[in-house]
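Worksheet for the structure shown next.
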Amino acid sequence: MKWRPYLLVFLFLLILIVIGIAYYSGKSQGLALERENVAVDTTIIPATDTQVKLKFVNTETVKLQTYASEIEALGRVNSTQAISVMAEVQGILLSGNLPLKKGTSFTKGQVLFGVNSNDASLLIAARKSNFLTLLANILPDIKVDYPNHYEVWNMFFDNIDMERPLPPIPPLVSAKLKTLLATRNVLSEYYSIRADQVRLSKYTITAPFSGTIVDAFTDVGAIVNPGSPVINIINNSALEVECQVKMDEAKLVKIGAKTILTDDQDNSWLGKVRRKGQYLNPNTQSVPVFVELVSTENEVFNGMYLLSSIDGDSIPNVFEIPRSALLGNSAEVYVVRDSILIRQNVDVVLLRGEKALIGGVDSGEAIVIEPLVNPKDNMKVATIEK
């Protein structure tokens, strides 16, 4: 049969394949057994001293010195005389010698505004007339009973002018005459008229100083009441700068300290510290320091912002380091002694930007001036001196 030779070849190849699979399977198992019998040496060989790498740190040798402090702070120009002018009586607002508008300048004693006083003037005139009647009725009694005082009181009567304030009342040297005047209501009427005259002066408001109107709250012709705000005024020639100084720097500011003030246009002014607040500004958590402007060659305006540079107290026995050299928010630094890293407490005297002034260290000490990564106390280090 023709297919038998092919069948023999097929069977031969199949036998060869089975033999090959059996051979390679046995070899793999042998290799695995060899691996199991091999002992692994895990002994750690310690490194020698020459193989240990030291950590390098940047240090600076302490040289204690006296620090001449200069305190910088932003300040605002304010007038030392800034007042709100209010109406003291009721009536129609009248114009003074100038318009009631923001920016209007005035001089001391100039009439700022008035309130219509016709009713008050007529009332005073009526009361004066009544007072003259009282005096005319009592003068004959004074002439008979107190002849020594008649001439003085008669002259007082003659000097009363309906258009002018009442003259001073004669001295009341006689107790009996005083009783007579009191029972006839002469004294009560006199002092009532004087009070009305004082009140009449409140119908005209004059400037207490030379300055400028910075706010106007009503117009001429409006009805005002006692306590109604009319204008706000300031004295342009009485200016000071209120500076906001950091709390830790405020202790270095002394009254009378020289101050240089500058604006963003490089204009400068000389100033002097006049007052220092004993409280904190709740918004800025700073201490207000008030600087008087000594030189005014350059024009300055109320409301301007100026940068102040105040000569502060000198600080002895301190050393300046980068602020980053402090360990976190603590008053500690790292020092290196005999190549050993040691943590040390210091006195943080002043923080200024990226710098810190410290005390409580000795001259010659090597302070680490950079933040370290994963430092350990008492670790051995190598130093790189700044």
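For the list (1) surrounded by 15 or more Cβ atoms within 10 Å (Cβ to Cβ); (2) under 30 Å from Val348 (Cβ atoms), I need the number of the one condition that Asp248 fails.
(1)
Scan region 205-214 and give yes if some residue there is within 41 Å of the chain's Cα centre (by Cα), more than 17 Å from Ile160 (Cα to Cα) and exposed (fewer than 15 other Cβ atoms within 10 Å of the Cβ), otherwise no.
yes
Here's the yes/no breakdown for (1) assigned to a loop (DSSP other than H, G, I, E, B); (2) without any contact (Cβ under 8 Å) to a residue 24 or more places away in the chain:
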{"site": "Arg274", "(1), (2)": "no, no"}
{"site": "Pro288", "(1), (2)": "no, no"}
{"site": "Glu292", "(1), (2)": "no, no"}
{"site": "Ser330", "(1), (2)": "yes, yes"}
{"site": "Pro371", "(1), (2)": "yes, no"}
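From the residues in region 164-187 that are among the charged types (D, E, K, R) and more than 52 Å from the chain's Cα centre (by Cα), which one is surrounded by the most Cβ atoms within 10 Å (Cβ to Cβ)?
Arg184
Is it the case, given these coordinates, that Ser210 is within 25 Å of Phe113 (Cα to Cα) and touching a residue at least 60 places away in the same chain (Cβ under 8 Å)?
yes
How many residues does region 276-286 hold that are assigned to a strand (DSSP E or B) and either farther than 15 Å from Ala73 by Cα or modelled with pLDDT under 90 (or both)?
1
Taking the condition of being surrounded by fewer than 16 Cβ atoms within 10 Å (Cβ to Cβ) and either part of a loop (DSSP other than H, G, I, E, B) or over 50 Å from the mean Cα position of the chain (by Cα) (or both), how many residues in region 188-203 meet it?
So the count comes out to 2.
How about region 332-355: which of its residues are assigned to a loop (DSSP other than H, G, I, E, B) and either touching a Lys or Arg at 6+ places or on another chain (Cβ under 6 Å) or at pLDDT 95 or above (or both)?
Selection gives Ser339, Glu354.
Suppose the filter is more than 32 Å from the chain's Cα centre (by Cα), under 19 Å from Tyr67 (Cα atoms) and not assigned by TED's automatic domain parsing to the domain that holds Gly271; does Gly359 pass it?
For Gly359, the condition - more than 32 Å from the chain's Cα centre (by Cα), under 19 Å from Tyr67 (Cα atoms) and not assigned by TED's automatic domain parsing to the domain that holds Gly271 - is not met.
Mind telling me which of the residues Ser105, Ser117 ends up being under 38 Å from the mean Cα position of the chain (by Cα) and either among the polar types (S, T, N, Q) or under 30 Å from Ala257 (Cα atoms) (or both)?
Ser105
Filtering region 123-163 down to residues that are hydroxyl-bearing (Ser, Thr, Tyr) and part of a helix (DSSP H, G or I), which residue is surrounded by the most Cβ atoms within 10 Å (Cβ to Cβ)?
Looking at the filtered set, the residue picked out is Tyr150.
For the subset of region 332-365 comprising residues that are acidic (Asp, Glu), more than 30 Å from Trp269 (Cβ to Cβ) and in contact (Cβ under 8 Å) with a residue 12 or more places away in the chain, which member is surrounded by the most Cβ atoms within 10 Å (Cβ to Cβ)?
It comes out as Glu365.
Surrounded by fewer than 18 Cβ atoms within 10 Å (Cβ to Cβ) and assigned to a strand (DSSP E or B): which single residue out of Ile315, Ile321, Ile310 fits that description?
Ile315
The values are calculated or read from the model by the stated rules, or taken from the named source; none is laboratory data. Every value quoted in this text rests on a predicted model; they were computed, and no experiment measured them. Because the Cβ atoms are built from the backbone with ideal geometry, glycine has one as well, and the counts that use them run over all protein chains shown.
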